[in-house]
1. If you go through segment 9-38 one residue at a time, how many are part of a helix (DSSP H, G or I), over 19 Å from the mean Cα position of the chain (by Cα) and surrounded by 17 or more Cβ atoms within 10 Å (Cβ to Cβ)?
2. I'm trying to understand the selection: among the residues of segment 115-151, which are touching a Cys at 6+ places or on another chain (Cβ under 8 Å) and over 16 Å from Ile177 (Cβ atoms)?
3. Give the residue that is farthest from the chain's Cα centre (by Cα), with candidates limited to residues of segment 149-169 that are farther than 17 Å from Gly139 by Cβ and surrounded by 15 or more Cβ atoms within 10 Å (Cβ to Cβ).
4. Can you name every one of the strands (runs of 3 or more DSSP E) wholly within segment 39-140 that holds 2 or more residues which are in contact with a Pro (Cβ under 8 Å, 6 or more places away or on another chain)?
5. So Ala40 clears everything in (1) among the aliphatic types (A, V, I, L, M); (2) in contact with a helix residue (DSSP H, G or I) (Cβ under 9 Å, 6 or more places away or on another chain); (3) outside the structural domain of Leu144 (by TED's automatic domain parsing) except one condition, right? Which one?
Amino acid sequence: MPESGSETPAIRASDEEREAVVTRLRTAAGEGRLALDELAERLDRALTAVMRAELEPLTTDLPEQSAPAPSTAKARSWIVGIMGGGDHRGRWRIASRCTVVNLMGGANLDLTDAIVQASETEIRVFSLMGGSNIIVPGGVHVALTGFALMGGNDLRLQDTPPPPSGAPVVHVRAYSIMGGTDVKSSTTARARPPRLPGASPPPPTRAD
């Protein structure tokens, strides 16, 4: 006789079920419910899920249907840093195509908690005697193209595992003259604690 209270057998997830969760997550991100890092993490778990039980927690905090009223917050499609900065960090909205202009200054963009409009975000950076630092969360496809004259554009994603197919995409097109743009992962950017310019590390202690 089978024991009472036996667990329900686990059921494997189908491709349609995984795709349905992916679509729902992307819709939620476009509504401003999920930041880029949250979207990347949940998409990774959805795309690699084997059992239905792995998919269910990914959407339990999302509404069954999309909200009819759009958010009043506008996505940033233009960012300007002239002889100063136009930094953006925290929870902010970036348009699917955003143009950054730096003139003798720089606008730094932290996309970790940013709200994206689509699965692919294109950032065009035009810099003259300046540049931008762009930070992206893990689990995101990142591409850097463009050119630099008397400067350099760098892509630094050390120790970052490759994202799965279908993950969000951030494409940076940087055009720099006497300056440059650095694109780095959030783990790389925070690997070392900040230090004031010119400050030297404390001398080692010596036991008497």
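1. 2
2. Thr121, Glu122, Ile123
3. Gly151
4. So the answer is 120-128.
5. The failed condition is (2).
This table checks each residue for (1) modelled with pLDDT of 95 or more; (2) in contact with a Lys or Arg (Cβ under 7 Å, 6 or more places away or on another chain); (3) in the same structural domain as Ile123 (by TED's automatic domain parsing); (4) surrounded by 13 or more Cβ atoms within 10 Å (Cβ to Cβ).
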{"site": "Ser66", "(1), (2), (3), (4)": "no, no, no, yes"}
{"site": "Ser71", "(1), (2), (3), (4)": "no, no, no, yes"}
{"site": "Arg89", "(1), (2), (3), (4)": "no, no, yes, yes"}
{"site": "Ile94", "(1), (2), (3), (4)": "yes, yes, yes, yes"}
{"site": "Gly105", "(1), (2), (3), (4)": "no, no, yes, yes"}
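The values are calculated or read from the model by the stated rules, or taken from the named source; none is laboratory data. No experiment lies behind these values; they were computed from the predicted model shown. In this analysis, Cβ positions are derived from the backbone assuming ideal geometry, glycine residues included, and neighbour counts consider all displayed protein chains.
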